[in-house]
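Report on the following structure.
The values are calculated or read from the model by the stated rules, or taken from the named source; none is laboratory data. Keep in mind that this is a model prediction, so the values were computed, not measured. Cβ coordinates were reconstructed from backbone atoms using ideal geometry, including for glycine residues, and neighbour counts include every protein chain displayed.
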Amino acid sequence: MTGVLIESRASSDAELSALVIAQQKELSDADGGADGVVYMPRDDAAYLVVVLHGRAVACGAWQPLEPGVAELKRMYVRPAFRGRGIARQLIVALEEEALADGRPVLRLETGTYLPAAIGLYRSAGYHPIPVFGEYLGNPYSVCFEKSLVAAPARG
């Protein structure tokens, strides 16, 4: 797809904030407003925004969890721009950034009520893992993990 730019943005960026707010509204609508909490961009995460023909249409972030491990967060593509491979490009860019920071293992959490997201992560090489961290006890949480480095060949 031509005209796509993926760029880093500060957590205070207005276009990033608009995307995160849109994501939160969509999630609240999808899960019936289960918790009502609004999450804003955090300073301890690295954010990327996808710009298509000058318009910010998607976002995602990675956040350090522990040595060698990061969490993918805030993945969102505006509905009108879905189905174009934008999310897959964004995942690859986030993986490259996390790996460059010395974090070859990525984890993520999504909701049981988001089958398209689950399908995307599975098709991108993520496999299910037990619920972790702040998601423990959330009946709607499904967690995944991916190693970005190949396991050594066994001989």
Item to check | Among residues of segment 78-103, those that are surrounded by 13 or more Cβ atoms within 10 Å (Cβ to Cβ), of a type in the set (G, A, S) and under 23 Å from P67 (Cβ atoms), counted | outcome: 2
Checklist entry - Within segment 77-88, which residues are touching a residue at least 40 places away in the same chain (Cβ under 8 Å) and either over 14 Å from R55 (Cα atoms) or touching a Pro at 6+ places or on another chain (Cβ under 6 Å) (or both)? => result R84, G85
Next on the checklist: If I ask for residues that are surrounded by 12 or more Cβ atoms within 10 Å (Cβ to Cβ) and part of a helix (DSSP H, G or I), which ones from segment 123-142 would you list?
Outcome noted: G133, Y135
Checklist entry - Given the structure, is D29 among the acidic types (D, E), within 15 Å of the chain's Cα centre (by Cα) and either assigned to a strand (DSSP E or B) or modelled with pLDDT under 90 (or both)? => result no
Checklist outcome for this item: Conditions (1) out of contact with any helix residue (DSSP H, G or I) (no Cβ under 6 Å at 6 or more places or on another chain); (2) among the polar types (S, T, N, Q); (3) in a strand (DSSP E or B) -> T110 fails only (1)
Checklist outcome for this item: From the option list E95, E134, single residue qualifying as within 25 Å of A22 (Cα to Cα), more than 14 Å from the chain's Cα centre (by Cα) and not hydrophobic (A, V, I, L, M, F, W, C) is E134
Next on the checklist: Suppose we filter P67, P104 for residues that are modelled with pLDDT of 95 or more and out of contact with any strand residue (DSSP E or B) (no Cβ under 9 Å at 6 or more places or on another chain); which single one remains?
Outcome noted: P67
